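Read the structure below first, then the notes.
The values are calculated or read from the model by the stated rules, or taken from the named source; none is laboratory data. Since the model is a prediction, treat every value here as computed from it, not as a measurement. All Cβ positions, glycine included, derive from the backbone under ideal geometry; neighbour counts span all protein chains shown.
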Amino acid sequence: MIGNDIVDLEQAVIDSNWKRKGYLDKIFNNEEQFMITSGICSSLMVWLLWSMKESAYKIYSRETKIREFAPLKLKCNNLIIYNDKATGKVSYEDEVYFTESNFDKNYVHTIASTKQEELEKVRVKITDQAPPDYKMTNPNSVSHHGAYLALVYL
């Protein structure tokens, strides 16, 4: 199963003040907060970790039919960032989700899967012009935020 999440970085600035007191404590554990505060691209790291958690949660909630989004229970680890890509894992309950992320100045996009080999088979379409009939293309996962729509096919 596949999950995905996209964050429009311009919209995120408008919608969320992640620097306000207590914000990080509600969403990120100590290790994740260290990754955020020790880097030069703190804002990008916030949204990268958020999209990893959100894409894994989407799989979990579809499989279990449980709709409890508890970001602190989702733990990002094994994060490797190279240029404009990242790979990592998200642990939630007894499950492990493998993630691949892409980012640029406009957005962060993450796909997650319960099977690492599935990530190699995924096709991704990101657009800022959502076609009205995109649901007819039967995407395995859909995410939208701000100006962007991400469709993932397996």
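Taken over the range 24-41, residues that are polar (S, T, N, Q) and modelled with pLDDT under 95 amount to 2. None of SER51, SER61 is hydroxyl-bearing (Ser, Thr, Tyr) and more than 16 Å from HIS109 (Cα to Cα) except SER61. Which residues, taken from the range 29-46, are hydrophobic (A, V, I, L, M, F, W, C), within 15 Å of ASP104 (Cα to Cα) and part of a helix (DSSP H, G or I)? Result: LEU44, MET45, VAL46. Within the range 107-130, the set of residues being among the polar types (S, T, N, Q), modelled with pLDDT of 95 or more and either assigned to a strand (DSSP E or B) or surrounded by 17 or more Cβ atoms within 10 Å (Cβ to Cβ) (or both) comprises THR110, SER113. Filtering the range 74-95 for residues that are assigned to a helix (DSSP H, G or I) and surrounded by fewer than 17 Cβ atoms within 10 Å (Cβ to Cβ) leaves an empty set.
Which is farther than 15 Å from ALA112 by Cβ, among the basic types (Lys, Arg) and in a helix (DSSP H, G or I), of LYS58, LYS26, LYS53? Among LYS58, LYS26, LYS53, only LYS26 is farther than 15 Å from ALA112 by Cβ, among the basic types (Lys, Arg) and in a helix (DSSP H, G or I).
The C-beta contact set for the range 12-38 (first residue under 15 Å from LYS53 (Cα atoms), second residue assigned to a loop (DSSP other than H, G, I, E, B), distance under 8 angstrom, 6+ apart or interchain) comprises LEU24/TRP18; ILE36/PHE28. Give the range 131-154 a look and list any residue that's under 19 Å from LYS53 (Cβ atoms) and not in a loop (DSSP other than H, G, I, E, B), or say none. Passing the criteria: SER141, VAL142, SER143, HIS144, HIS145, TYR148, ALA150, VAL152. Scanning the range 89-102 for residues that are under 18 Å from ALA150 (Cβ atoms) and in contact with a helix residue (DSSP H, G or I) (Cβ under 9 Å, 6 or more places away or on another chain) yields a total of 6.
Quick grid of which residues meet (1) hydrophobic (A, V, I, L, M, F, W, C); (2) within 27 Å of ASN140 (Cβ to Cβ):
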site: ILE2; (1), (2): yes, yes
site: ASP8; (1), (2): no, yes
site: TRP18; (1), (2): yes, no
site: GLU31; (1), (2): no, no
site: ILE36; (1), (2): yes, no
site: CYS41; (1), (2): yes, no
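Only one entry of TYR60, TYR134 meets the criterion of being within 27 Å of GLN33 (Cα to Cα) and in contact (Cβ under 8 Å) with a residue 12 or more places away in the chain, and that entry is TYR60.
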